[in-house]
């Protein structure tokens, strides 16, 4: 019998031996979990946050946001200075002389022109192509190339040769140079002319999407294809050892679905400010595995804590603060930022989870078309009905009893106080009696003669499964049943189906959310422009369109802000195409006694290269915390400090107070 | 024997084309646009239109034909014979561009992971899954057969009931429960094993055991049933009467016959284990194939869906063939 167990023991012994001889890999200075694997490192084509977080390590645009300033200040990066013409359409950037690619070559103005041209080409199919088309002549160039490609594809096969494709490409380049407002005046001077003034342009181009790519490398991978005339996008240049960047780190290893390893870029002009020699980005996707990796010490920072029990994690954090109430309140009273307070409290894993209010809003859509998808008359076409339904939602109970993530109740789309100088309206408050009266006024409910007209449809609440949207939908449905006496039906959909139905307005009411991309109210308000591609509510108001057009044409920043305030007032006090429920919170996880440099700003951009591990003997090991707008950032290169000092801060957005 | 292998290999392309057609029709019908992110800003309509043209997604029949042409290796063969490959390489050299990478079986680019081709994804994920699945099957066979024999030798003894209990647990407890429990025990509390990842043998231990347990449980039941049947048969009584040692009876006579049902189960089971388990990969952060079966569909990443399905189908057919061949060695009576 014992002999039968022998093979089992042999296998176990072998596995045990394998573990013992296992060579431990040297740990990177900082290990972080990015939420998911990177889908692309082609900056021009990227659109989602984990990709951009990696791009911030490898590339550097003309300007950057100082993520530790409460104003999210725009500060010089690859450009050392710039001037803006009086009509606000021409930007002239001067690149710094010591800006270099990771192979030691200088970063030239023409490299930016090359990258931005890629963004404008239909061949590149960049997610954010529309932003590149803000440049003068961009849209016309895109349209011209599109139709030229269509004509090419229609040619007989014998005329679609490599030479013909090369000729079309040469013509395209010539057309670009002649018609698009992008010029490299010399190696260090870049001139950008816009179609119209874009007040948030500097903030926009701080996004990694606008970073340069190395033309000598990328052009080798983009060859006009003989059969279509299009540039064939060959993969390969974004991976080591090929990839060339101009950012603080360089990529030395990318193991698909495992990790990306970064090392300090010795050619980076600001290399002296980087204290991390190596960074490892783990591609761990499972929310629970991410938290386990943090708890076991495998990783130092988790960019987004998402397991279903995260509400409990925050509750434990509050319990920890309650245990040290006296100390906690003393530190808060000193005005210390959130991370600094936690750093000074006694060590405890419960304080590793941090909740930050972000520049985004969770809301509930109404389909605003005159008719429902099934052809019946749509009661939600009437703004009074929408407002009544908005007033009947008890948002506080949703954030406190259901979400439990410390999120702020929202009555406006733009988070209040998130954009400097911009006043958000009051919005509608929870008022069941008022809601009933308003619904009656709209013709549903008891009328003057003592009769009653029932609400004509069963109200459908559509949402995608996962992420707890079902619980929010149930709460809203219960509110509407109780306070308005309407019948409701929950409709759960798979994410892709839900997205498709939203796009085609194939719903009655639905869950939705929006994160602002840049520090301007239009990042939220443009959603309600009648022809906007993201106007899922199909809300169409000539007045809103007129005001948004007027704001677009307005050169005076203050007058423009007043117009936008009026737009949001009409939307949130009167029209309510959507009901804001709460402003999102995002949860980070890290030990504040060990890791510093994490931004608490609502825009959630993190410059991981400027994180520091305290007590590792590298750098000054001084905690880096939030500072007021326009103030010099202590950890930044001297050149940056000077530049920030000399410039009056381009005041974008004082941050929201962190939620706790 | 040779005839069987040739016949089966000739059937392979036909079966794969049927699977390809059914899968592509289903995948094409998945609602939603593969080129959009799950949340957030949509690209402008004219950009979406260009994306569809770039990836051939605007017409089902064009896609059906082109993908089949590329994936089957016909394009590679045709390009090689017509000299197109040589011309392309020459053009690349003259213009100084990077040579196009055209694998023989070109499964296309991934729509979700824009920097990777499906070939690269399979090349990175399949070895992981094959290694993990292989180790797991080894563990499963050792544990399963061992436990099955123990149970059969003394039916209804404590050892038998204990293995029955463990087997029942192994079959009925979902993998994510076992996996998470092992992870908590060895990774978080005892801290002797990593909590996930891939690259070192110790990374492999917990996922392999987790993956092996349900298979081991099933193999144990199969072995026990087979052994009990064989041990009560005439030839075993004869062998014992001849004075063959108990070990000889068990190992040389009974187990050899009792192993046949296990063997036929091992074919598809190995293919299944080697193409990855979504749950095990998720819990232990293993970069294997299993996740792509699920995520590719959720993302409607057409190229990746087709790629992993074609690879899986081919593997399944080959493993079944291998089992049929093995069968003939173990039991020469089978024709």
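All of the numbers you see were taken from the coordinates with simple rules; none came from a lab. What you are looking at is a predicted structure, and each value in this text was computed from that prediction instead of being measured. Neighbour counts run over all protein chains shown; Cβ positions are idealised from the backbone, glycine included.
By counting other Cβ atoms within 10 Å of each Cβ, how are B:219, B:5 ranked from fewest to most? The partial results should precede the final answer.
Numbers: B:219 29, B:5 13.
Placing the least packed residue first, the sequence is B:5, B:219.
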Estimated [θ] at 222 nm from DSSP helical runs (n ≥ 4, -39500 (n - 2.57)) normalised by residues in the protein assembly as shown, nearest 500: -14000 deg cm²/dmol
Calculated on alpha-carbon atoms, Rg and Dmax of the stretch A:92-233 in Å: 15.9, 51
Extension gain (nm, one decimal) between residue A:574 and residue A:174, 0.36 nm per residue minus Cα-Cα: 138.9 nm
Sequence-separation-based contact order of chain A, relative, with Cα cut under 8 Å and 6+ spacing, percent: 20
Listed residues B:316, B:26, B:272, most fluctuating in chain B (Gaussian network, C-alpha, under 10 Å): B:26
Percentage relative contact order, chain B, counting C-alpha pairs under 8 Å, at least six apart: 24
Between 0 and 90°, nearest 10: helix B:60-71 axis offset from chain B longest Cα axis: 60
Separation of the residue B:102 and residue A:401 label points, Cα + 7 Å toward Cβ, nm: 6.5
Residue-averaged beta-carbon neighbours from other chains (10 angstrom radius) around A:236-245: 2
Virtual spin-label span in nm between residue B:60 and residue A:454, 7 Å along Cα→Cβ: 4.2
Within the stretch A:460-503: backbone nitrogen closer than 16 Å to the residue A:374 label point (7 Å, Cα to C-beta): A:460-462, A:487-492
Calculated Rg and Dmax of chain B using C-alpha coordinates, Å: 24.9, 85
Kirkwood hydrodynamic radius (C-alpha pairs) into Stokes-Einstein, the protein assembly as shown, 10 °C and 1.306 mPa s, D in µm²/s: 50
Computed lengthening from residue A:334 to residue A:546, 0.36 nm per intervening residue step minus Cα-Cα distance: 71.6 nm
Most mobile of B:301, B:58, B:203 in a GNM of chain B (Cα contacts under 10 Å): B:58
Alpha-carbon spread of the stretch A:499-555, three principal axes, descending order, Å: 38, 25, 14
Inter-chain Cβ neighbour average for residues B:92-99, partner chain, 10 Å: 4
The stretch B:37-187 - percent relative contact order, Cα under 8 Å, separation 6 or more: 12
Nearest-0.05 FRET efficiency for residue A:566 and residue A:538, computed from C-beta distance (R0 30 Å): 0.85
Partner chain coverage, peptide B:112-123 - average Cβ within 10 angstrom: 5
Choice from B:232, B:82, B:124 showing the highest fluctuation, given a GNM over chain B with Cα pairs closer than 10 Å: B:82
Label-point separation in nm, residue A:348 to residue B:237, each point 7 Å along Cα→Cβ: 7.4
Segment residue B:49-residue B:168, extension gain: residue separation times 0.36 nm, minus the distance between their alpha carbons: 37.5 nm
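Computed from the mean reciprocal separation of all distinct C-alpha pairs, what Kirkwood hydrodynamic radius does the stretch A:69-149 have, in Å?
14.9
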